[in-house]
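Worksheet: the structure to be examined is printed underneath.
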Amino acid sequence: MGYDSVVLASASARRSQLLAQIGVRHRSHAADLDELARPGEKPDDYVQRLAREKAEAIVDSLGGRPDCPVLAADTTVVLDGRIFGKPADEAECVAILSAVSGRRHEVLTAIALQADGRFRSAMSTSRVAFRVIGADEARRYWSTGEPAGKAGAYAIQGKGAVFVASLEGSFSGVMGLPLYETASLLDAAGVRRWQSP
């Protein structure tokens, strides 16, 4: 059995663009979840839990038996075991960027795919080294609007690219949907790729 499309459990334009890049037809359906880490939760457990919970929430909202697979993802930035989520305001953005300034951090993106009542999952880990970022530059970056809603307060594919000294791992994973791992899960579930829009 094969599928011509998936439901993307996300409102992220980046994730939608990445799926379109590999020719996967999809419709977006955002999951509304509490994205706070649980006390003592490890970063890899955190992103894997959220990806699965997002997929489960959409499956449930579609009556428990969607007509096509449901794909979900979650991304977080990790430094010294600390999870950096999306900044709520300028002060938090400056604090996050100050913490990662001149240092190497990890970006974890977990993906979960529900198809035919079965869950499949994968995770991408990338290491990103940042140059030094001053507080004034961090505030100016916040004023662009780009860091809002981005894990770790930056978008590697956007203006935040100027901070990146080096990347070891998956560029698409840092953006929010690792295409290698995603394609592997989609292939295993029989989802067709490289289709015309």
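The values are calculated or read from the model by the stated rules, or taken from the named source; none is laboratory data. In this text the structure is predicted, and so the values were computed from the model without any measurement. Glycine gets a Cβ as well: all are built from the backbone with ideal geometry, and neighbour counts include every protein chain shown. Calculation scope for accessible area: heavy atoms of the full protein, side chains included, ligands and nucleic acids excluded. Shrake-Rupley method; radii C 1.70, N 1.55, O 1.52, S 1.80 Å.
Observations on the model:
- Note on the stretch 52-99 and the stretch 167-183: Cα centroid distance 15 Å, given to the nearest whole angstrom.
- Debye log10 I(q)/I(0) at q = 0.11, 0.22, 0.25 Å⁻¹ for the stretch 89-186, Cα point scatterers: -0.37, -1.05, -1.25
- Cβ charges +1 (Lys, Arg) and -1 (Asp, Glu), total dipole of the stretch 112-184, debye: 80
- Over the stretch 61-128: Kirkwood hydrodynamic radius from C-alpha pairwise inverse distances, Å: 14.2
- Axis angle, to the nearest 10 degrees, between helix 179-189 and the longest C-alpha principal axis of the chain: 20 degrees.
- Ala148-Arg27 pseudo-label distance in nm [points 7 Å out on the Cα-to-Cβ vector]: 2.9
- Stokes-Einstein D for the stretch 1-112, Kirkwood Rh over Cα pairs, 37 °C, 0.692 mPa s (µm²/s): 213
- Using a probe radius of 1.4 angstrom, the carbon and sulfur fraction of the accessible surface of the chain is 48%.
- Comparing Val162, Ala95, Ala151 along the charge dipole axis of the chain, the residue lying farthest to the positive side is Val162, per the Cβ-charge model.
- Estimated from helices alone, the mean residue ellipticity of the chain at 222 nm is -9500 deg cm²/dmol (sum of -39500 (n - 2.57) over DSSP H runs with n ≥ 4, per residue).
- Accessible area (Å², per residue) of the chain, counting only protein heavy atoms and a probe of 1.4 Å: 47
- Taking a ≥ b ≥ c as the square roots of the eigenvalues of the alpha-carbon gyration tensor, the chain is classed prolate because a/c is 1.5 or more and a/b outweighs b/c.
- Each Lys or Arg adds one and each Asp or Glu subtracts one; over the other residues with Cβ under 14 Å from the Cβ of Ala51, this totals -3.
- Bridge type composition, the chain - antiparallel percent by DSSP, nearest 5: 80
- Cβ-Cβ FRET estimate between Arg140 and Ser166, R0 fixed at 30 Å, reported to 0.05: 0.85
- Percentage relative contact order, the stretch 32-132, counting C-alpha pairs under 8 Å, at least six apart: 29
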